[in-house]
1. Residue check, Lys83 against (1) loosely packed, with under 12 Cβ neighbours inside 10 Å; (2) of a type outside the set (Asp, Glu); (3) modelled with pLDDT of 85 or more, all met but one. Which one?
2. Only one of these is of a type in the set (D, E, K, R), assigned to a helix (DSSP H, G or I), closer than 27 Å to Asp53 by Cα and touching a residue at least 24 places away in the same chain (Cβ under 8 Å): Glu98, Glu132. Name it.
3. Answer yes or no as to whether Ser102 is of a type in the set (Gly, Ala, Ser) and buried (at least 16 other Cβ atoms within 10 Å of the Cβ).
4. Just to be sure, is Gln105 farther than 30 Å from Asp44 by Cβ and touching a residue at least 40 places away in the same chain (Cβ under 8 Å)?
5. Restricted to segment 56-85, and to residues that are more than 33 Å from the chain's Cα centre (by Cα) and free of Cβ contacts under 8 Å to residues at least 12 places away in the same chain, which residue is nearest to Lys135 (Cα to Cα)?
6. With respect to Phe137, determine if the residue is crowded, with 16+ Cβ neighbours inside 10 Å and at pLDDT 90 or above.
7. I'd like to verify a number: residues in segment 44-89 that are over 29 Å from Trp119 (Cα atoms), part of a helix (DSSP H, G or I) and among the charged types (D, E, K, R), how many?
8. Between Lys92, Lys106, which is in a helix (DSSP H, G or I) and closer than 26 Å to Phe122 by Cα?
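The values are calculated or read from the model by the stated rules, or taken from the named source; none is laboratory data. As the structure is a prediction and not an experimental result, all values here were calculated from the model. Cβ atoms come from the backbone with ideal geometry, glycine included; neighbour counts cover every protein chain shown.
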Amino acid sequence: MKKIIFVLTASLFASTIFLISCNSPEEKVDTAEKNVLEANKNLDKANEEYLTDIKNFRKETADKIEANNQSISQFKERIEHEKNNIKMDSEKKIAELEQKNSDSQKKMDDYKAEGKEQWQKFKADFSRGMDELGKAFKDLAIPSVK
């Protein structure tokens, strides 16, 4: 008899715990809705950060390209009074750098937001190209200082 009472009490206790721990369908829906709203907020924030990053990078790039254009103008002024052979070589180098600079501008202008992964790849490749272009401008200025 004691065994039956003990088993019934344990069963009742286990059943009560099980029922208390279960969520009703309404609670499950409410929890799911809260999770969806939070996920949407996080997605909106991530998209906003992504678009802000693109905007800031475009501005930085435009500033670098403008600085390159100013360097080209200054270098053209410096070689104005050089000998013809030095002037022709320098003008050829300047023309190449001008073309690369305008190609960089066009590449940045033509970029369309295609996703965060594509953006990271584009940004890394573009930054590498801009760094190389900046180095080429510095190398161009060195002979005129000598």
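1. For Lys83, the exception is condition (3).
2. Checking each option against the conditions leaves just Glu98.
3. no
4. Judged against the criteria, Gln105 is a match.
5. Glu77
6. Spelling it out, it is not the case that Phe137 is crowded, with 16+ Cβ neighbours inside 10 Å and at pLDDT 90 or above.
7. Residues in segment 44-89 being over 29 Å from Trp119 (Cα atoms), part of a helix (DSSP H, G or I) and among the charged types (D, E, K, R): 5 in total.
8. None of the others qualify; the one that does is Lys106.
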